[in-house]
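Quick notes on the structure that follows.
The values are calculated or read from the model by the stated rules, or taken from the named source; none is laboratory data. All figures in this text were calculated on a predicted structure; none of them were measured in a lab. Neighbour counts run over all protein chains shown; Cβ positions are idealised from the backbone, glycine included.
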Amino acid sequence: MTINTSRRGFLKSAAAAGAVLVVGVRPDGALAASGSRSMLTPFVQIGSDGSVTAIVKHFEMGQGPSTGLTTLIAEEMGLTMDQIGYDFAPSDPQVYNNTLFGPMQGTGGSTAMANSFLQYRQAGAAAREMLLQAAAQAWGTEASALSLQDGVISGAGNSAPLGEFVEAAAQFDAPADPPLKDPSEFRLIGNPDVRRLDGAAKGNGSAMFAMDIVRPNQMIAMIARPEQQRATAISVDASGAADIKGFIDAQILPNAAGVAVFAETTWAAMQARDAISVEWDTTNAETRSSSDIEAEIRAALDAEPTYNVNEADMDAVRAAVDGAETVIEETFYFPLLAHAPMEPLNCTIEETAEGVILLHDGCQFPTIPHGAIAEFFGLPFDKVQIKTVLAGGSFGRRATPQADYQMEAAMAFSLTDRSRPVHLVWSREDDLRSGQYRPAMGHKVRVGLDTSGAIVGWEHRIAGQSILKGTPFEAMLVQNGIDFASVEGTFDSPYQIPSASFGLTDTPKATSTLWWRAVGHTHTAYVMEVMMDMAARAAGIDPVEFRLAYLTGDEADQTRKAGVLKLVAEKANWGNPPEGRSQGIAVHKSFNSYVAEVVEISGTPEDGIKIEKVTCAVDCGIAVNPDIIKAQMEGGIGYGIGHNMRDQITLTNGVVDQFNFPDYEPLRISDIGEIEVHIVPSAEAPTGVGEPGTPPAAPALANAIAAASDLRIASLPMDDNGVFFA
Amino acid sequence: MAISLKLNGKDQTVEAEPGTPLLWVIRDELKMTGTKFGCGVASCGACTVHLNGEPVRSCQTYIEDAEGAEITTIEAMGDHKIGAAVQQAWIELDVVQCGYCQSGQIMSAVGLLTENPKPSAQEIDDYMWGNACRCATYQRIRAGIQRASEILEA
Ligand code: FES
Ligand code: FES
């Protein structure tokens, strides 16, 4: 806690009087520096009192960029982690953009470190060079004779804290190409003892999540929603809520998608929402049931695919499979899944005295609500600002292409006289029933093996609901009609499979679809790795040896994937589980990282399966913060296993059947034993860690269950297949 | 109606209708935001506080039932012997990810260590079952409780 207080002190003093040096990166990638706080887009800000603040362009949902990006600045400036604080960047798609996304500020696709690694180091290095230059001038020596360590510049017989040179350094131009530290000099990058910067505040109740924002004189708004998507509100009768203390008003949203219920407190809003009555027009409402969705997908799998994803000769592949000695065939089905981040969605909107619309939010893609709100209010882009605060999880949910909850807040706010801030709050029921889900998907795969057990053909069909079609991301990520998010992890797998075809058919959507931690890999990894396991067993070859036979190439894709597979097999003592236990393995590349996992279980499907241990090996390039990487693997594994064990969203005549956690049961502490994570040492550029732990977890569990019982689970969730989890 | 509460050792009077969950009095009336809303139906544990030293789900505790009781929230854990040990262990092991469930996890962990100073892994699982963590920080929670137990023993 003391650490936290002193950090707060740093931030506050950085904003106080005294000279300042700010270093940033311009939209064209050039470094820029200034001695003025009015440079609004710094990456690092240094005060003459010695305070250093990293400006973090990615939002924090627990995945660690506030610590990670701050570490990069501290490393290049020779600081210790308690000599630096951080602040979240304002919304600015030109300067704080994700360099892998173009002119858009956003956190997603596990790219925060990958796109920031050089950028933040360059900003830190530029600041260091400028401070050294200023000290050299003051001491009449060469900058090359000086060094900056632990906040102190020393050399040539002098020594002084860096704050003394801030004012002079701010007079220089930023160096064009400051030297970066050699990895051999790293003290913080790769150091397993670097702790999270947000750890203390999140343990003592002082961390401010979006839900904790209380603006003076704010109102709470909740939205009464129709049972079925696309129903619209015709009229509202709020008389039932008249006696609820704190109830203010209920009005139909401008788009009629719901009714905004305003109240002084959250509890009053919740009660009032239950007490009002709304008449809905259901003419265009969704009426399909999950059974209809599943039937559509299964029918599509039995027909010729619409798209030939890898431009294969489909007839030749089919002939190769048909002519094989052994054919293994399986049809898979994956249900809708909700993200259910721990903090229900919410944000606060207000108008400042300057006529700026200000949104307090912890969202993944600030540029999207920023633009949507500006358009809605008819304001220029710079008359909308977003203040980023902590998010209590997201897993993709706080990144809708429609800015769904932020636009609800904007619409609700537009119904008021704008004199009071409006805090839009969702309940857990709103969250689970909101209609933004990992799409339902199906796969049908036929694999042919020759007499030696080698694969001679792999015919693979995918059918399901596109995530990206009809969104602003379509232009970038849908090519020749193929939604990359439906097929990633199949046709582009590092496995060198001879004679393979991948076909795709889109099926209609009954709900909105949204990326969910690891996106397409959530189903493609399951299918690839369960099929590999089935093929290995049919061939009578050890599942690790069998996979390695398709990873013999000397490209990084094969060597790195084979590397994690061998490492996890060694660490998990593959093939020699303790008495009474069974093992399953899976390996998958996603977001440019390679992850292999072994799940060890005890018990049987009938008597109850217990997940005793998960061993994981990850190759994500340079491990900037090894402990956060381990935590992300642990969390990703839990997320993958928990949902696939027993969760699904189902619809009956268009109405979601689930309400709250009791019928969308989260993974519990008793569900999962020890998780052991091993990181492959690497000098490659850092790649994703937030998502890649998730894809291999469920297939590794499925393969362990198959090893224990011969039960092959092809339709998720697992407990729909007569599996009981102890 | 006016209700007198003893919150974190301080006497307070709040205006609240009977039937109002303690959670919303703490958050909306007293503006203490460390206690979290996750489900509202006693199935996630994010709202856990202590009532006379025992963990309860404040989303399902009516304000009238809390009248006169000693209510303790996460904000007071730094001054609580077991609470401080748990917080220290949480930092040492970097238990938190998004952090939103962690106030509740810590309040439950303190409840467990109060009644069982040296819990086994199985005892931890049994006691902590109702505290969901969507980030799945479970093995660090387990290790954190055992580390706190060591700190308290030392
Ligand atoms: S909010 Fe009380 S248990 Fe979930
Ligand atoms: S740390 Fe995110 S829900 Fe527990």
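Among the residues in the stretch B:26-37, are any more than 16 Å from ligand 2 (Cβ to nearest atom), among the basic types (Lys, Arg) and either touching a strand residue (DSSP E or B) at 6+ places or on another chain (Cβ under 9 Å) or within 16 Å of B:Ser108 (Cα to Cα) (or both)?
For the stretch B:26-37, residues more than 16 Å from ligand 2 (Cβ to nearest atom), among the basic types (Lys, Arg) and either touching a strand residue (DSSP E or B) at 6+ places or on another chain (Cβ under 9 Å) or within 16 Å of B:Ser108 (Cα to Cα) (or both): absent.
Kindly indicate whether B:Gln105 is over 10 Å from B:Ala148 (Cβ atoms) and of a type outside the set (D, E, K, R).
For B:Gln105, the condition - over 10 Å from B:Ala148 (Cβ atoms) and of a type outside the set (D, E, K, R) - is met.
Each row is one residue, and each column tells you yes or no for (1) more than 14 Å from chain B (Cβ to nearest Cβ); (2) among the acidic types (Asp, Glu).
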| position | (1), (2) |
| --- | --- |
| A:Gly603 | yes, no |
| A:Glu612 | no, yes |
| A:Glu634 | no, yes |
| A:Leu667 | no, no |
| A:Ile675 | no, no |
| A:Thr694 | no, no |
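Using the structure shown, decide if A:Asp627 is among the charged types (D, E, K, R) and either within 10 Å of another protein chain (Cβ to nearest Cβ) or crowded, with 24+ Cβ neighbours inside 10 Å (or both).
yes
Only one of these conditions is not met by A:Pro179: (1) buried (at least 16 other Cβ atoms within 10 Å of the Cβ); (2) in a loop (DSSP other than H, G, I, E, B); (3) at pLDDT 95 or above. Which number is it?
(1) is the only condition that A:Pro179 fails.
Could you check, for the stretch A:267-285, whether at least one of its residues is surrounded by fewer than 20 Cβ atoms within 10 Å (Cβ to Cβ), part of a loop (DSSP other than H, G, I, E, B) and touching a residue at least 60 places away in the same chain (Cβ under 8 Å)?
The answer is yes, given that some residue of the stretch A:267-285 is surrounded by fewer than 20 Cβ atoms within 10 Å (Cβ to Cβ), part of a loop (DSSP other than H, G, I, E, B) and touching a residue at least 60 places away in the same chain (Cβ under 8 Å).
List the pairs whose first member sits in the stretch B:124-142 and is small (Gly, Ala, Ser), whose second member is within 16 Å of ligand 1 (Cβ to nearest atom), and whose Cβ atoms are under 7 Å apart, counting only residues at least 6 apart or on separate chains?
Sorted first by the residue in the stretch B:124-142, then by its partner, the pairs are B:Gly130/B:Gly45; B:Ala132/A:Phe661; B:Ala132/A:Pro666; B:Ala132/A:Arg668; B:Ala132/B:Cys44; B:Ala132/B:Gly45; B:Ala132/B:Cys101; B:Ala136/A:Leu667.
Only one of A:Phe172, A:Phe209 is under 28 Å from A:Thr388 (Cα atoms), crowded, with 16+ Cβ neighbours inside 10 Å and aromatic (Phe, Trp, Tyr). Can you tell me which? Break it down into steps so the answer makes sense when it comes.
Values: A:Phe172 fails: under 28 Å from A:Thr388 (Cα atoms).
Among A:Phe172, A:Phe209, only A:Phe209 is under 28 Å from A:Thr388 (Cα atoms), crowded, with 16+ Cβ neighbours inside 10 Å and aromatic (Phe, Trp, Tyr).
Does A:Pro305 qualify as being within 23 Å of A:Ser414 (Cα to Cα), part of a loop (DSSP other than H, G, I, E, B) and touching a residue at least 60 places away in the same chain (Cβ under 8 Å)?
When the stated conditions are applied, A:Pro305 does not pass them.
Restricted to the stretch A:494-535, and to residues that are polar (S, T, N, Q) and under 24 Å from the mean Cα position of the chain (by Cα), which residue is farthest from A:Phe484 (Cα to Cα)?
Per the stated criteria, the residue is A:Thr511.
If you take the residues of the stretch B:76-96 that are facing another protein chain (nearest Cβ under 7 Å) and surrounded by 20 or more Cβ atoms within 10 Å (Cβ to Cβ), which of them is farthest from A:Met633 (Cα to Cα)?
To start, the set of residues in the stretch B:76-96 that are facing another protein chain (nearest Cβ under 7 Å) comprises B:77-78, B:87, B:90-91, B:94, B:96.
Those still in the list that are surrounded by 20 or more Cβ atoms within 10 Å (Cβ to Cβ) too: B:77, B:87, B:90-91, B:94, B:96.
Numbers: B:Met77: 30, B:Gln87: 23, B:Trp90: 18, B:Ile91: 19, B:Asp94: 14, B:Val96: 14 Å.
Of everything passing the filter in the stretch B:76-96, B:Met77 is farthest from A:Met633 (Cα to Cα).
Could you grab the pairs with beta carbons closer than 6 Å, sequence gap of 6+ or different chains, first residue in the stretch B:14-37 and surrounded by fewer than 17 Cβ atoms within 10 Å (Cβ to Cβ), second one of a type in the set (Ser, Thr, Tyr)?
Partner pairs satisfying both residue conditions: B:Gly19/B:Tyr62.
Go over the candidates A:Gly636, A:Gly673 one by one and state the one that is in a helix (DSSP H, G or I), away from ligand 1 (no atom under 16 Å from the Cβ) and at pLDDT 95 or above. Give the steps one after another, and end with the answer.
Working: A:Gly673 fails: in a helix (DSSP H, G or I).
Result of the check over A:Gly636, A:Gly673: A:Gly636.
Give the residues of the stretch B:127-138 that are buried (at least 23 other Cβ atoms within 10 Å of the Cβ) and not small (Gly, Ala, Ser), sorted by residue number.
B:Met128, B:Asn131, B:Cys133, B:Arg134, B:Cys135, B:Thr137, B:Tyr138
Among the residues of the stretch B:38-59, count how many are at the interface with another protein chain (Cβ under 7 Å from one of its Cβ atoms), buried (at least 24 other Cβ atoms within 10 Å of the Cβ) and either farther than 19 Å from B:Ala76 by Cβ or more than 6 Å from ligand 1 (Cβ to nearest atom) (or both). Walk me through it before giving the result.
First, pick out the residues of the stretch B:38-59 that are at the interface with another protein chain (Cβ under 7 Å from one of its Cβ atoms): B:38-41, B:43-44, B:46.
This time we only want the ones that are buried (at least 24 other Cβ atoms within 10 Å of the Cβ), so: B:38-40, B:44, B:46.
Okay, now just the ones that are also either farther than 19 Å from B:Ala76 by Cβ or more than 6 Å from ligand 1 (Cβ to nearest atom) (or both), so B:38-40, B:44.
Summing the residues that are at the interface with another protein chain (Cβ under 7 Å from one of its Cβ atoms), buried (at least 24 other Cβ atoms within 10 Å of the Cβ) and either farther than 19 Å from B:Ala76 by Cβ or more than 6 Å from ligand 1 (Cβ to nearest atom) (or both) in the stretch B:38-59 gives 4.
If you check A:Ser486 against the conditions, is it in a helix (DSSP H, G or I) and either touching a strand residue (DSSP E or B) at 6+ places or on another chain (Cβ under 8 Å) or modelled with pLDDT under 95 (or both)?
Values: in a helix (DSSP H, G or I): yes; either touching a strand residue (DSSP E or B) at 6+ places or on another chain (Cβ under 8 Å) or modelled with pLDDT under 95 (or both): yes.
Yes, satisfied.
Of all residues in the stretch B:60-75, which are within 8 Å of chain A (Cβ to nearest Cβ) and either over 19 Å from B:Cys98 (Cα atoms) or touching a strand residue (DSSP E or B) at 6+ places or on another chain (Cβ under 6 Å) (or both)?
So the first thing to find is which residues in the stretch B:60-75 are within 8 Å of chain A (Cβ to nearest Cβ), and the list is B:73-75.
The one that is within 8 Å of chain A (Cβ to nearest Cβ) and either over 19 Å from B:Cys98 (Cα atoms) or touching a strand residue (DSSP E or B) at 6+ places or on another chain (Cβ under 6 Å) (or both): B:Thr73.
Might you let me know whether the stretch A:577-584 holds any residue that is in contact (Cβ under 8 Å) with a residue 60 or more places away in the chain and of a type in the set (Lys, Arg)?
no
Going by the conditions given, is A:Phe381 under 30 Å from A:Arg646 (Cα atoms), aromatic (Phe, Trp, Tyr) and either surrounded by fewer than 17 Cβ atoms within 10 Å (Cβ to Cβ) or in contact with a His (Cβ under 8 Å, 6 or more places away or on another chain) (or both)?
The answer is no for A:Phe381.
Name the single residue that is modelled with the lowest pLDDT among those in the stretch A:251-286 being in contact with a Lys or Arg (Cβ under 8 Å, 6 or more places away or on another chain) and small (Gly, Ala, Ser).
This residue is A:Ala285.
Show the residue pairs meeting these rules: Cβ distance below 8 Å; 6+ apart or different chains; first residue within the stretch A:378-399 and within 16 Å of ligand 1 (Cβ to nearest atom); second residue among the aliphatic types (A, V, I, L, M).
Close Cβ pairs (under 8 Å, with a partner that is among the aliphatic types (A, V, I, L, M)) amount to A:Gly392/A:Met61; A:Gly392/A:Ala210; A:Gly392/A:Met211; A:Gly392/A:Met342; A:Gly393/A:Met61; A:Gly393/A:Met342.
Among the listed residues B:Ile106, B:Ile124, B:Ile151, identify the single one that is more than 15 Å from ligand 2 (Cβ to nearest atom) and buried (at least 24 other Cβ atoms within 10 Å of the Cβ).
Going through B:Ile106, B:Ile124, B:Ile151 in turn, just one is more than 15 Å from ligand 2 (Cβ to nearest atom) and buried (at least 24 other Cβ atoms within 10 Å of the Cβ): B:Ile124.
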